[in-house]
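The values are calculated or read from the model by the stated rules, or taken from the named source; none is laboratory data. No experiment lies behind these values; they were computed from the predicted model shown. Cβ atoms come from the backbone with ideal geometry, glycine included; neighbour counts cover every protein chain shown.
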Amino acid sequence: MRKILIVGATSAMAEACARAWAQRGDALFLAARNAPQLQSIADDLKARGAQRVGSKVFDANQFDQHAALLADATRFMDGLDTVLIAHGTLSDQERAQTDVPYALGEITTNGTSVVSLMSIAGEQLAQQGRGAIAVISSVAGDRGRQSNYVYGSAKALVSAFASGLRQRLAKKGVHVITVKPGFVDTPMTAHLKKGALWVKPEQVARDITRAIDKGGNIVYTPGFWRWIMLIIKHIPEFVFIKISL
Amino acid sequence: MSSQVFTSWGRVLREAHEVVGLPSRHQPLSLPASGASVLPFGNGRSYGDSNLNPGGALLQGGQLDRFIAFDPVTGLLRCEGGVLLSSILKLVVPQGWFLPVTPGTQFVTVGGAIANDVHGKNHHATGSFGNHVTQLELLRSDGSRRLCSLEQNADWFAATIGGLGLTGLITWAEVQLRRVANPYLDTESIRFHSLEEFFELSQASERDYEYTVSWIDCAFSGKRLGRGLFNRGNHAPAVLDVDAVPKGLPAGIATPSRRVPITPPVSLINTLSLKSFNTLYFNKQRQDVVRSLQHYRPFFYPLDALLEWNRIYGPKGFYQYQCVVPPERALSATRALLEAIAASGMGSFLAVLKQFGTPASRGMLSFPEPGTTLALDFPNQGPKLHALFAQLDRIVLDAGGRLYPAKDGRMSAAVFKAGYPRWTEFTSYVDPRFDSGFWRRVMENS
Ligand SMILES: Cc1cc2nc3c(=O)[nH]c(=O)nc-3n(C[C@H](O)[C@H](O)[C@H](O)COP(=O)(O)OP(=O)(O)OC[C@H]3O[C@@H](n4cnc5c(N)ncnc54)[C@H](O)[C@@H]3O)c2cc1C
């Protein structure tokens, strides 16, 4: 049985992971903002076979609550060995271009709050000398593009931070996984038109749970995004500024 | 709001619909600003247009897929409307429970099973799905929520069971499951050579067998008319003959993986393939009676092993025709139907015959009623098929029967109204923002 804390547990990707874990009888502690939604997910996971399910209403932007969340989760499950950080918002790029406080808020939600949680969790796991942290970044963090660079830069922060943390904590028995999903068909993206590159959250969850079980550092999901981003990252800047992506 | 092409199981219609997501059962319905009508969409296993709303929007009911509570002591299960029957089975069979009623595919949602008040092979013993729903919540476009059961809002309960998704959204429901000792069934397959024999077998089996259903050959007229295979079974007892347990089966069928990979350019179903298939199928068992222990999946869901089998009918899709005729006229009407189909040369592989029993359906528009039900698939062949359907309609109506909306993509308003006299009463429960392709057609000129 694994003891897993999930931050942003109402996100579709996190919920899909949680179902897989519930089914194998793991203990889960869920954190998210929306209380009724959190409760219905906790009930569902209990019915599906989770050993124990705890939950806490939690806003990632209240940084002073981060340490308490880790402590609550650890107390409830009597230990902690996996942390999945999955909260986030899909930023409105157009608004962020003129509304600076909004842009900074988005960077906080998707970037610095993740840094804070990873730091606290990283220390705790490093002390016990084992465990895993999986964090949901995005392919959008691989290169800033005009269509979503506010969101993308927050995710770039997460990816770079995770990379450094991984290098440091690997020596202490802690495994850090950066997950980079492409287009995922979730309620967050319900208003967008879907094409061939879109996948269901269940597929992303399979990749995440596998990476946690079997090892894996940077997980593009689905895997073809590694090659798409490889190309996009290597377009020379003088060409890049002329195309619309 | 995005738009997406939807098709139902028969694949005759493919229409773009506005899509409305349903992230949580606690939120009010988000309705299209355009004022367009909406319809819940479950898992698309209805055949015609009763689950489509061309020109309007579809509510993605399948997104409400959470369990709420399951009591392994009493077998009472509460879950959201979008939970698939397959997910329920995965959860409850290992704990000694089974669905009280299941249709021939496990890939339908609880909301869809209620909205069509689906029946299974045990109708004669236990009625249809709605008979086992203890309560449900109905969410209307005006934001109101109603708890419906036999005691509370009983009229809304009766309208919503078999209510074709038109009375509002079923956010969650509670279902009483039935006990089983293991995942297996004790089954028998018996060859019969005439319709008379079918009725005799049916009658003789009803008391001792929970499940009965027959495959019937409808490719041939004359002497071979009405021949078929009669299947009956019961859940296996706790003590099993280990030698009889099918080896390796549960694992092998754990995940249905074979798919029909592409849609062939023409239908693979034609008179020639039909006649040879039916002859082979009728003769597939060497003895007249074969007993076996079967896992529940091949017994209840033989077609689920081949995902997207509906594609073999080619790009024009196919229709299903399912009717029920009351007992007094069952033999003569069924014979007339089979004769008309054999004469047309357009029959189907999957002709299914079953006796419905006396447990009364709860829904105003529930399809099952005592009598004999016949269901067949027909590749879409345009006008000549519709001429055959018109002929079949007459036989059904003359016998006092009706057609199943879940399987229908073409019945006229007159045929619907003749079969479902409570339709007028039902209209007062239809949500003003809800509508479907089917409903517009059968409400024409009224
Ligand atoms: C291989 C196969 C075998 C079948 N065998 C049988 C059988 O033996 N017996 C039988 O009775 N049927 C049978 N069916 C038909 C099937 O059981 C029904 O059509 C069922 O209702 C489909 O459910 P769905 O979840 O796919 O819903 P859909 O087909 O998507 O929708 C069905 C109806 O339910 C409504 N609906 C869906 N969700 C909700 C909700 N949350 N709230 C309110 N309304 C909702 C829709 O508006 C629509 O009217 C079979 C179908 C197939 C493909």
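Being more than 13 Å from the ligand (Cβ to nearest atom) and within 12 Å of chain A (Cβ to nearest Cβ) holds for only one residue in B:ALA69, B:ALA36, and it is B:ALA69.
A quick yes/no check of all residues on (1) more than 14 Å from the ligand (Cβ to nearest atom); (2) buried (at least 22 other Cβ atoms within 10 Å of the Cβ); (3) closer than 27 Å to B:ALA333 by Cβ:
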| site | (1), (2), (3) |
| --- | --- |
| B:ASP155 | yes, no, no |
| B:GLY162 | no, yes, yes |
| B:ALA181 | yes, no, no |
| B:THR187 | yes, no, no |
| B:ARG191 | yes, no, yes |
| B:GLY226 | yes, yes, yes |
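Checking the structure you have, find out if any residue of region A:171-182 is touching a Phe, Trp or Tyr at 6+ places or on another chain (Cβ under 8 Å), assigned to a loop (DSSP other than H, G, I, E, B) and at negative phi. Within region A:171-182 (the criterion being touching a Phe, Trp or Tyr at 6+ places or on another chain (Cβ under 8 Å), assigned to a loop (DSSP other than H, G, I, E, B) and at negative phi), the answer is yes, since at least one residue qualifies.
From the set of residues in region A:1-16 that are in contact (Cβ under 8 Å) with a residue 60 or more places away in the chain and farther than 22 Å from B:GLN63 by Cβ, which is surrounded by the fewest Cβ atoms within 10 Å (Cβ to Cβ)? This residue is A:ARG2.
Among the numbered conditions (1) more than 19 Å from the chain's Cα centre (by Cα); (2) under 26 Å from B:ASP49 (Cβ atoms), the only one that B:ALA330 does not meet is (2). Assess whether A:GLY49 counts as being away from chain B (no Cβ under 14 Å) and more than 16 Å from the chain's Cα centre (by Cα). So A:GLY49 does not fit the description; no. Taking region B:5-25 as the range and being over 17 Å from B:ASN310 (Cα atoms) and surrounded by 13 or more Cβ atoms within 10 Å (Cβ to Cβ) as the test, the residues that pass are B:GLU15, B:HIS17, B:GLU18, B:VAL19, B:VAL20, B:GLY21, B:LEU22, B:PRO23, B:SER24, B:ARG25.
When the residues of region B:19-28 are filtered to those that are away from the ligand (no atom under 11 Å from the Cβ) and under 30 Å from A:LYS46 (Cα atoms), the one that is modelled with the lowest pLDDT is B:PRO23. Within region A:169-187, the set of residues being touching a residue at least 40 places away in the same chain (Cβ under 8 Å), more than 18 Å from A:GLY141 (Cα to Cα) and out of contact with any Lys or Arg (no Cβ under 6 Å at 6 or more places or on another chain) comprises A:LEU169, A:LYS172, A:VAL174, A:HIS175, A:THR186, A:PRO187.
Right, A:THR186: buried (at least 19 other Cβ atoms within 10 Å of the Cβ), over 30 Å from B:GLY61 (Cα atoms) and not charged (D, E, K, R) or not? In short, no.
Considering only residues in region B:39-54 that are small (Gly, Ala, Ser) and in contact (Cβ under 8 Å) with a residue 40 or more places away in the chain, the one that is nearest to the other protein chains (Cβ to nearest Cβ) turns out to be B:GLY42. Show the residue pairs meeting these rules: Cβ distance below 8 Å; 6+ apart or different chains; first residue within region B:108-128 and within 14 Å of chain A (Cβ to nearest Cβ); second residue more than 7 Å from the ligand (Cβ to nearest atom) and in a loop (DSSP other than H, G, I, E, B). Cβ pairs passing all conditions: B:VAL110/B:VAL83. Tell me, please, whether a residue that is more than 8 Å from the ligand (Cβ to nearest atom), closer than 26 Å to A:ARG19 by Cβ and hydrophobic (A, V, I, L, M, F, W, C) can be found in region B:124-138. Scanning region B:124-138, I find at least one residue that is more than 8 Å from the ligand (Cβ to nearest atom), closer than 26 Å to A:ARG19 by Cβ and hydrophobic (A, V, I, L, M, F, W, C), so the answer is yes.
Here the strands (runs of 3 or more DSSP E) wholly within region B:273-356 that include at least 2 residues being surrounded by fewer than 19 Cβ atoms within 10 Å (Cβ to Cβ) are B:289-295.
Here B:THR263 passes the criteria (1) at pLDDT 80 or above; (2) assigned to a loop (DSSP other than H, G, I, E, B) except the one numbered (1). I want to confirm something. Restricting to region B:39-66 and keeping residues that are within 20 Å of B:VAL83 (Cβ to Cβ) and among the charged types (D, E, K, R), which single residue is farthest from the ligand (Cβ to nearest atom)? Filtering first and then ranking leaves B:ARG66. Residue check: B:LEU59 meets all listed conditions (1) surrounded by 22 or more Cβ atoms within 10 Å (Cβ to Cβ); (2) away from chain A (no Cβ under 12 Å) but one, namely (2).
Based on this model, can you work out whether A:MET1 counts as at pLDDT below 95 and away from chain B (no Cβ under 14 Å)? Considered against the rule, which asks whether it is at pLDDT below 95 and away from chain B (no Cβ under 14 Å), A:MET1 comes out as yes.
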